[in-house]
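Beneath this line is the structure, given in structure tokens, with notes to follow.
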Amino acid sequence: MGTGTVSTSSIELSIVSPVYQGETLVHALVEQIALYAAGVTEDFEIILVDDGSPDGSWREIEKHCKRDSRVKGIQLSRNFGQHYALTAGLDAANGRYVIVLDCDLQDHPKYIPVLYEKALEGYDVVFTRKNRRAHGGKRNVFGRAFHRILNFLVNEPTVRSDSVIGNYSLLTRPVVDAFLRMNDYYRHYLGLLRWLGFESTSIEIEHYERPEGRSSYTFAKLVHEAIIGITSQSQRLLRLTIIGGFTFVGLSIVAILGLVVAYLIDGFAEGWTSVVVLNLATTGVILVCIGVTGIYVGKTFDQTKNRPLYVVRTTLNLQRDPEAVPADRLPVP
């Protein structure tokens with residue numbers, strides 16, 4: 001579960017990577033991270049979080065944990081999702097600086113020293129900005145559309161998102177501790193970071209083709225993540241349904257007046273098909289408004305359950321328990 005525990009370790013650098021369907025990638029991932037992290041400091045750790053992967057990812061993680069104690073493994077009890085696996089890794093990280101990196105190697109570990117050097121300039125968060133996104137055309141179009149919709153719905157300029165900024169980022173210890181105090185059940189990593197408001201900057205990186213396998217993000221999963229991202233950061237969608245309702249009422253009044261005038265002047269046959277169209281339109285608007293409201297009610301219901309964000313099955317080489325719950329995170333009696 002998310003803990004909010006504060007690290008007291010002297011480790012300089014932690015690299016956290018959620019792993020899902022990464023059996024063929026773990027070896028290269030660990031080698032590349034270790035190579036470039038060693039260029040920054042020998043005092044580093046690599047935290048790999050197996051997010052209930054159905055392949056042999058955990059076996060590969062176990063092998064590397066046995067070879068090198070700096071490699072730490074966390075196996076979740078099931079697939080909770082990338083943002084929850086990220087939270088588990090941050091909960092276990094001990095570093096003064098923590099880098100978050102996906103396991104697919106599309107974001108290359110060679111930028112680890114660049115991120116670190118940028119943080120030494122005094123920034124609390126260093127994002128990475130892709131000069132291009134090496135995804136398929138449909139996914140790129142969907143990504144740009146999502147960020148435009150999100151920016152329209154989120155009124156706060158400080159939390160505006162960018163389609164070329166991804167999860168690959170560096171956080172200082174105060175940012176990690178503040179992030180872990182966020183109790184949001186529905187989590188969007190970048191959204192929470194922007195909300196925290198720490199001083200940030202970005203570096204430009206190249207986005208590479210995935211060397212092995214395919215992304216686990218299907219179109220349905222992308223839509224699901226988009227809905228979570230939007231509804232977890234904005235209530236404007238609810239207000240828009242009210243505006244839409246009043247707009248439709250206004251149009252209905254205009255239409256009624258037009259029908260009365262038309263009847264008095266020319267008349268028209270009973271059973272006019274526009275009545276059917278109008279009924280279908282009003283029903284559709286009502287259902288959409290109910291659906292939007294239902295999403296927010298459902299999210300509130302899930303939040304009030306106070307369930308853990310994730311459940312750990314086993315860990316390897318960890319110095320502290322990622323499920324230790326401090327007093328400020330215990331349920332209120």
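The values are calculated or read from the model by the stated rules, or taken from the named source; none is laboratory data. Values in this document were obtained by computation on a predicted structure and should not be read as measured data. Here the Cβ is made from the backbone with ideal geometry for all residues, glycine too, and neighbour counts use every protein chain on show. Surface areas here come from the heavy atoms of the whole protein model, side chains and all, with no ligands, DNA or RNA. Shrake-Rupley method; radii C 1.70, N 1.55, O 1.52, S 1.80 Å.
Below is a table of values for the structure above.
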item	result
Every pair of residues 6+ apart whose Cβ atoms lie under 6 Å, when the first sits in segment 65-89 and is over 17 Å from residue 319 (Cα atoms) while the second is surrounded by fewer than 21 Cβ atoms within 10 Å (Cβ to Cβ) and of a type in the set (Phe, Trp, Tyr)	83/189; 86/189
One residue from 42, 12 being among the acidic types (Asp, Glu), at pLDDT 95 or above and surrounded by fewer than 18 Cβ atoms within 10 Å (Cβ to Cβ)	12
Qualifying residue in segment 212-233 (condition: among the charged types (D, E, K, R) and modelled with pLDDT of 65 or more)	no
Selection from segment 249-298 of residues that are under 30 Å from residue 182 (Cα atoms) and either touching a Gly at 6+ places or on another chain (Cβ under 9 Å) or modelled with pLDDT under 70 (or both)	289
Scope segment 163-207; condition crowded, with 17+ Cβ neighbours inside 10 Å and basic (Lys, Arg); matching residues	173, 187, 194
Qualifying residues in segment 102-116 (those that are hydrophobic (A, V, I, L, M, F, W, C) and open to solvent by less than 40 Å² (accessible area, probe 1.4 Å)) - the one farthest from residue 49 (Cα to Cα)	115
Every residue from segment 106-116 that is under 18 Å from the mean Cα position of the chain (by Cα) and assigned to a loop (DSSP other than H, G, I, E, B)	106
One residue from 52, 73, 81 being of a type in the set (Gly, Ala, Ser), under 26 Å from residue 182 (Cβ atoms) and modelled with pLDDT of 95 or more	73
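Residue-wise test of (1) basic (Lys, Arg); (2) exposed (fewer than 15 other Cβ atoms within 10 Å of the Cβ); (3) modelled with pLDDT of 90 or more.
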{"position": "86", "(1), (2), (3)": "no, no, yes"}
{"position": "94", "(1), (2), (3)": "no, no, yes"}
{"position": "132", "(1), (2), (3)": "yes, yes, no"}
{"position": "135", "(1), (2), (3)": "no, no, no"}
{"position": "147", "(1), (2), (3)": "no, no, no"}
{"position": "151", "(1), (2), (3)": "no, no, no"}
{"position": "155", "(1), (2), (3)": "no, yes, no"}
{"position": "158", "(1), (2), (3)": "no, yes, no"}
{"position": "161", "(1), (2), (3)": "no, no, no"}
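Residue by residue, here is whether (1) of a type in the set (D, E, K, R); (2) within 22 Å of the chain's Cα centre (by Cα); (3) under 21 Å from residue 208 (Cβ atoms); (4) exposed (fewer than 15 other Cβ atoms within 10 Å of the Cβ) holds:
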{"residue": "34", "(1), (2), (3), (4)": "no, no, yes, no"}
{"residue": "47", "(1), (2), (3), (4)": "no, yes, no, no"}
{"residue": "66", "(1), (2), (3), (4)": "yes, no, no, yes"}
{"residue": "70", "(1), (2), (3), (4)": "yes, no, no, no"}
{"residue": "118", "(1), (2), (3), (4)": "yes, no, yes, no"}
